[in-house]
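The values are calculated or read from the model by the stated rules, or taken from the named source; none is laboratory data. Quantities reported herein were computed from a predicted structural model and do not represent experimental measurements. When we count neighbours, we look across all protein chains shown, and the Cβ atoms used for this are built from the backbone with ideal geometry, even at glycine. Note: areas computed on protein heavy atoms with side chains; ligands, DNA, RNA excluded. Shrake-Rupley method; radii C 1.70, N 1.55, O 1.52, S 1.80 Å.
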Amino acid sequence: LVFFVLQVFLSLGCAVWTTYFRNQPVVKVSQPEFLQLICLGTFVIALAPIPLMIQGKYRYLTDPLTGAETDLPNMDIGVVDTACMAFPWLLGIGFIIIFSTLFAKIWRVKLILHHSERFRRKKVGIKDVAIVLYVLLIVEIIILLVWQLVDPLEWQRTVISTDSEGFPTQSVGRCTSDSYMYFLTPLAALTLAAF
């Protein structure tokens, strides 16, 4: 919680600072629009651990006498399932905003240097490099959306040990799906591509 508050405070503080000093030469050269996007990305990443704080339950109701799972579905499990998928959405979108922004900044500098080598004066605006941001963000959203629709992460709790009367004494829960690696791999590759 401390790191969450610290990261949110720093993200918002840097965004306010950049806005306030946007006309200063040092900030102007640093491309304040891109700095704002980096602050947005760090803010979104700061939100990612929040869904993980939701307490997981059993997918099916447990018998109060034996502690064994019944065949009756637990109606509250939908909140935990939603939290399972919120984490990759927030983390993925935050990372792609940061890294595609950094890539666009570097690409803008490269274009400026390329034109200066040919002794041509060319103004390279944000619109000239924003396509990188849009393309990477759209690809990220498509992968996450397909994952959400095809095989979303779901909360699964497994009993590890029981006492002598069969009551669960220890259990482990985690977010999982049958084919999560098919979606996690392209997301990681996309993030590395923006790197």
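Numbers below:
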read-out: Among (1) at pLDDT 90 or above; (2) of a type outside the set (Lys, Arg); (3) open to solvent by less than 30 Å² (accessible area, probe 1.4 Å); (4) within 21 Å of Val109 (Cβ to Cβ), the one test that Gln31 misses; value: (1)
read-out: Subset of the stretch 146-164 that is assigned to a loop (DSSP other than H, G, I, E, B) and either without any contact (Cβ under 8 Å) to a residue 60 or more places away in the chain or of a type in the set (A, V, I, L, M) (or both) - its residue that is most open to solvent (accessible area, probe 1.4 Å); value: Ser164
read-out: Flag for Glu117 being of a type in the set (D, E, K, R) and closer than 24 Å to Val8 by Cα; value: no
read-out: Qualifying residue in the stretch 130-140 (condition: of a type in the set (Ser, Thr, Tyr), open to solvent by 80 Å² or more (accessible area, probe 1.4 Å) and over 30 Å from Gln55 (Cα atoms)); value: yes
read-out: Subset of the stretch 63-78 [open to solvent by less than 40 Å² (accessible area, probe 1.4 Å) and either in a strand (DSSP E or B) or out of contact with any strand residue (DSSP E or B) (no Cβ under 7 Å at 6 or more places or on another chain) (or both)]; value: Gly78
read-out: Criterion violated by Tyr60 - all others in (1) within 22 Å of Tyr180 (Cβ to Cβ); (2) open to solvent by less than 60 Å² (accessible area, probe 1.4 Å) satisfied; value: (2)
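Conditions tested, residue by residue: (1) in a helix (DSSP H, G or I); (2) of a type in the set (Gly, Ala, Ser); (3) farther than 30 Å from Ser161 by Cβ.
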| position | (1), (2), (3) |
| --- | --- |
| Leu10 | yes, no, yes |
| Gly13 | yes, yes, yes |
| Trp17 | yes, no, yes |
| Val80 | yes, no, no |
| Lys105 | yes, no, yes |
